[in-house]
Every structure is written in structure tokens, then in C-alpha cells.
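To start, the structure under review is shown below, and the notes come after it.
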Amino acid sequence: MTSSTPTPGELLKIAIDVARDAADTAYRMRAEGVFVAATKTTVTDVVTAADRAVERQVLDVLATLRPDDSVLGEEYGGGTAGEASSGVRWIVDPIDGTVNYLYGLPYCAVSLAAEVDGEVVAGVVRNLFTGEEWTATVGGGAWRAGERLRCSTETDLGQALVATGFGYDPRRRSHQARVLAELIPHVRDIRRQGAAALDLCLAAEGRVDAYYEKGLAAWDQAAGALVAAEAGLRVGGLGGRPAGPDLVIAAPSALFVPLHDRLADLDASGGP
């Protein structure tokens, strides 16, 4: 980070303001009526007009506020705002949990993270229905509603409530279902809520004990993973690899290894 690069706290302030306005737009568009604008990987992997409108709003605002930064977004891919010469990259998921949004289920969020020289240093996740907002800066902790977050202290995998999610490809879902069927006898229970960023935030404050999922893109997990890590969770992939598309595991230190080993045995990162 150079002397001219904003601090994580300064980047977080921008992220919060942008995410709040984006969430307001998404909520208003949901109230006005939502429709499917396109599909992505499969016919069940939908894009709404709001996804595109919200991401365009974020891109436009960041282009004005930070014209030398780059932006990675779910709907417009690697589109950049300006020259991308600052070392700062923003990672945005305009509506994480689009299917929930489509059905009016209050479990979807705007996720926005700031990355400096390849490291995520600030992030915000805002539930656009409830207004719940989780924030974090690297080394500065994770927070919601003015309270610093601490992850679960559970040490027994058999007593752990574990969140997960499924992909949209039917073959991948079949593989994930087989993994889940073998895992569930070894944990307290499973929760599948349909929004990775929010799952990571719930794990950060111990509303679930741990989380894992295969197939997450950077925009799915950038902000949420920082919130989780800053709340004390260990966040990683299999075999010492970083969290990524192959697998994301977020768990307290005492649970990470047994959950990791069980998922490795079940080939959770395998399949389509």
C-alpha cells in the first residue's frame, strides 16, 4: 500500500456508502416488481434486471469517486472504472442470493469489497430486506450494529450447525448432495439459505458454527470471507490452498481441521 492509497478504513467508508445506496435501489426495484432478464450457467441460474441495474449503479459511482480503480463485478465481469492504475480493485456482487430476491425471500444482499495489491482489506455485506449490515477491515475486526463480532466457540464437529450452498449445474448439485448426505450424520444439522456472503457473515457472529461451499466466485466471498476471518474464523480451501472456486471453508480453529478432513474424504472439491 503506497502513501497515496486510502487506508482500509477510508475504503470501507466508501464501500458502506455505495452498498447502502445499492441496497436501497435493489429493494425499491423489488417493490416495483422483478423479472428475469437472462440466465447464466443454467436455466435456473437467473439474472434479474435489478442485478444489472444495481451493478451499473455501483460501477458508475465508483468511476466517479475512484476513477483510477478497477472493478470486478458479477454481471459485467472485469469491467473497469478508469485506468485501474491505483492498485485498488473493487469486487461487487450486486445481489447475492438472486433466486431468493426473485421469490421475495429476505435472504439476499449487496456485497462490496476493496482489494489493494491483491489483498482484500475492506468489505461490507448489507441485507437489502432487513438492513442488517456486516463490515470488516483487515486487522480491524468484524462488526455489525456497533458490536464487534466473535465466531462460535464450538469445538465438537458433531455439535456444529453447518451452512452450505449448492451450484446451479444439475451434475454439480448431485455431487454436492452426495457429499451433504455423507456429512450430515457427523454434524448437528445443516442450513442452506442461498446466499454465500450472508452465510459467511452468520458464521462470523456464531449464528451458524461453520460454512463450506464449492464453486464460489470472488464476488460471492470477498467481503463475507473478510468478515468471517476478522471475527476469528479460519478461512481456507483444501490441502492448505486458499479459499476459492474449488472450496471455501470457514470455521473456528477447533472445527476447521475435522470439517476439512471430512470434506476431503468426501471429495467435496471434486465433481463437475
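The values are calculated or read from the model by the stated rules, or taken from the named source; none is laboratory data. In this text the structure is predicted, and so the values were computed from the model without any measurement. We place every Cβ from the backbone using ideal geometry, glycine too, and count neighbours over all the protein chains shown. Heads up: the accessible areas ignore ligands, DNA and RNA and are worked out on the full protein's heavy atoms, side chains in. Shrake-Rupley method; radii C 1.70, N 1.55, O 1.52, S 1.80 Å.
Remarks
- Hits in the range 213-231 - residues which are in contact with a Leu (Cβ under 8 Å, 6 or more places away or on another chain) and open to solvent by 10 Å² or more (accessible area, probe 1.4 Å): E213, K214, A218, W219, Q221, A225, E230
- For W143: the one exception among (1) aromatic (F, W, Y); (2) under 19 Å from A26 (Cα atoms); (3) open to solvent by 20 Å² or more (accessible area, probe 1.4 Å): (2)
- Within the set I184, I190, the sole residue that is within 30 Å of T135 (Cα to Cα), surrounded by fewer than 18 Cβ atoms within 10 Å (Cβ to Cβ) and hydrophobic (A, V, I, L, M, F, W, C) turns out to be I190.
- Verdict on A114 being of a type in the set (A, V, I, L, M, F, W, C), buried (at least 19 other Cβ atoms within 10 Å of the Cβ), in contact with a Lys or Arg (Cβ under 8 Å, 6 or more places away or on another chain) and closer than 21 Å to L247 by Cα: no
- Residue list for the range 163-178, restricted to those being open to solvent by less than 40 Å² (accessible area, probe 1.4 Å) and either in contact with a helix residue (DSSP H, G or I) (Cβ under 7 Å, 6 or more places away or on another chain) or basic (K, R) (or both): A163, T164, G165, G167
- Only listed residue being over 27 Å from N127 (Cβ atoms) and open to solvent by less than 50 Å² (accessible area, probe 1.4 Å), chosen from L200, L263: L263
- Restricting attention to the range 221-263 and to residues that are among the small types (G, A, S) and assigned to a helix (DSSP H, G or I), the residue that is farthest from D96 (Cα to Cα) turns out to be A254.
- Residues that are under 14 Å from L198 (Cβ atoms), at pLDDT 95 or above and touching an Asp or Glu at 6+ places or on another chain (Cβ under 9 Å) number at least 1 in the following strands (runs of 3 or more DSSP E) confined to the range 62-133: 88-96, 109-116, 119-127.
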